[in-house]
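Step one of this worksheet: look at the structure below.
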Amino acid sequence: MEIRLTSNQQTIKENKYVTYSYSLKVDIMKVLTKLGRQDEYAFWRSADKKNTFLGISPLLCLKGQNMKEIKNFQDDFCRQYINLTPNIISQPVLLGGFAFDYNGKREQFWQELETGYFILPQILFSKNKEQSYVTLITTTDGDVEQRLNILKNQANDLIVVDSAAEQQAPTVTIEELEVPKWIDLVNESIGAIKDNKMKKVVLDRQLEVCTKASFNPVLILQRLAKHQPNTYQFLLKGKTRAFVGATPERLLRADNETFKTASVAGSISRGKTPAEDQYLGQVLLDDHKNEAEHQVVVDRITAIMSKFTNNLKVGERQLLKNRDIQHIYHPFSGERKRGVSMLDVLQELHPTPALGGEPREAAMTWLAKKSIRGRGLYGGPVGWLGLGDDQGEFAVGLRSGVFSADKGLLYAGCGIVAESQAEKEKNETRLKFQPMLRGVSDKWIIKKL
Ligand SMILES: C=C(O[C@H]1C=CC=C(C(=O)O)[C@@H]1O)C(=O)O
């Protein structure tokens, strides 16, 4: 059925953007497989599967923008749009990720994604637990009705399911980069912590994956979704680079009444049997070094969330388990104080000491100066931001990597505290590469480990 607008033309033209949404049965993962190699788009799904988004055909790509700039965009959009749907059923959103540190070390390989990447999609597929929707977003100049109908047809073409042949993952060469240098940095950081320059710093390292065939980011995402079902899954696809990951860590969820966050820090592998798994979980919970590493995160999050919420509830200390790793974890939830925006809170929360360190400034300065490579979007907030209501959710962009057609850089980090030992931290980061490695392929040629 064609879209027929009933609103007065004058009212439409008083705004800058229009949105139009309708419900539609759609398998968002299948739509992804129809998108081209050059296309720019963004996919994001929450760990509880309550929200899935796929935004395509960007009306705008916002690159290199910090939280203040994205907040300004959100405010401007909110003031200048009109919803033409008879009943509002789904709001427009921005999808994307912030850079880990806008003043941090640079890493060229990230290209167009390096300093933050958000899209305002013209076609937004969204799904909550029950239903899926399409939201069309366009500008108010020219023939709005015609443009909305073109977008609707484009969306309809994409939802037609055809039985594409199952894709094979390519054979991949892997190499851990600059390990001796990184070990030196761990030792130097332990020294700085013992000298009271800081309490904790999270160091990251990289593993390079290369293929003679080509990487398909959608296939990587599908494999991650299969192997890491209880994680936030995301794919930000620029023209030449794709940022893909499956992270266990919520940074901030905002609905109209509540803010929710989590502390996730302290890690150990999963056991091969239920008994071994339980044993390892207990070892983690009882371990002094991991406890110290985690408590720093809890203290900071408690201090920040107390400022922005009433009745802050800190859930019980528990284990968060995924296929390869288990972590110490606390959920946090509080009532939103009036007048506090989602990005106000995000600005203070990021990076928590699970990704930056403590004190924040000292750790960030250390990382900017000493890191072997820049992080790009790794460790930054990745998610969606409502442009109608100030709602949204951001996860921490870890267990992730950035890919060109034939090369990928996977990232893994670990919290360094006074009791850390470099060799153990190397092994912990090796474990944290595992989820992405499973996503990339199962056919490996190991160059250097
Ligand atoms: C920095 C990473 O993990 C963080 C999240 C959970 C546990 C962590 C840890 O035990 O060190 C890290 O703080 C990563 O996976 O790249």
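Each reported figure results from applying straightforward, stated rules to the coordinates on display, with no laboratory input. As the structure is a prediction and not an experimental result, all values here were calculated from the model. Don't worry about glycine lacking a Cβ; one is built from the backbone with ideal geometry, like all the others, and counts go over all protein chains shown.
Hydrodynamic estimate: the Kirkwood radius of the stretch 133-239 over Cα pairs, inserted into Stokes-Einstein at 20 °C and 1.002 mPa s, corresponds to D of 109 µm²/s. Peptides 35-45, 166-176, ordered by how many other C-beta atoms sit within 10 Å of their residues on average, highest first, read 35-45, 166-176.
Would you work out if the stretch 371-417 is rounded, prolate or oblate? Take a ≥ b ≥ c from the square roots of the eigenvalues of the alpha-carbon gyration tensor; rounded if a/c is under 1.5, else prolate when a/b is larger than b/c, oblate otherwise. Mind showing how you got there, number by number?
Numbers: a/c = 3.22, a/b = 1.58, b/c = 2.04.
Oblate is the answer for the stretch 371-417, as a/c is 1.5 or above yet b/c matches or exceeds a/b.
Across the stretch 339-399, Cα-Cα pairs more than 14 Å apart make up 62 percent of the total.
Simple rule: put +1 on each Lys or Arg Cβ and -1 on each Asp or Glu Cβ in the chain, find the dipole, and look at 8, 33, 131; the Cα lying farthest toward the positive end is 33.
Our coupling estimate for the stretch 334-350, obtained by passing each phi through the Karplus curve with A = 6.51, B = -1.76, C = 1.60 and θ = phi - 60°, is x, 7, 4, 6, 5, x, 8, 8, 4, 6, 4, 6, 4, 4, 7, 6, 8 Hz, Gly and Pro reported as x.
Output the direction-averaged projected area (hull surface divided by four) of the convex hull of the alpha-carbon atoms of the stretch 89-189, in nm².
Numbers: hull surface 50.8 nm².
Its Cα hull, projected and averaged over all orientations, spans 12.7 nm².
3J(HN,Hα) couplings calculated from phi for the stretch 421-426 with the Karplus curve 6.51 cos²θ - 1.76 cosθ + 1.60 (θ = phi - 60°) are, in sequence order, 10, 3, 4, 5, 5, 4 Hz; Gly and Pro show x.
Give me the dipole magnitude in Debye, nearest 20, for the chain about the Cα centre, with unit charges on the beta carbon: positive for Lys and Arg, negative for Asp and Glu.
Details: 62 positive and 54 negative charges, 88 e Å.
Approximately 420 debye in magnitude.
Would you please put 341-348, 19-26 in order of how densely packed they are, using the mean number of other Cβ atoms within 10 angstrom per residue and starting with the highest? Please report the intermediate quantities before stating the final value.
Numbers: 341-348: 19.8, 19-26: 17.5.
Top to bottom by mean Cβ count within 10 Å: 341-348, 19-26.
Stokes-Einstein diffusion for the chain at 37 °C, viscosity 0.692 mPa s, with a Kirkwood radius from C-alpha pairs, works out to 145 µm²/s.
Across the stretch 409-415, coupling constants 3J(HN,Hα) worked out from phi with the 6.51/-1.76/1.60 Karplus curve, θ = phi - 60°, read 10, 9, 10, 8, x, 8, x Hz, and Gly and Pro carry x.
Of all the options 412, 254, 275, the one that moves most in a Gaussian network model of the chain with Cα springs shorter than 10 angstrom is 275.
For the stretch 87-158, the set of GluC sites (Glu not before Pro) satisfying both a DSSP loop assignment and a count of at most 13 other C-beta atoms within 10 Å is given as 130. Which residue fluctuates most in the GNM of the chain (Cα springs below 10 Å): 222, 80, 295? Judging by the Gaussian network model, the answer is 80.
The residues neighbouring residue 169, those whose beta-carbon lies less than 9 Å from its own, together hold a net charge of +1 under the Lys/Arg +1, Asp/Glu -1 convention.
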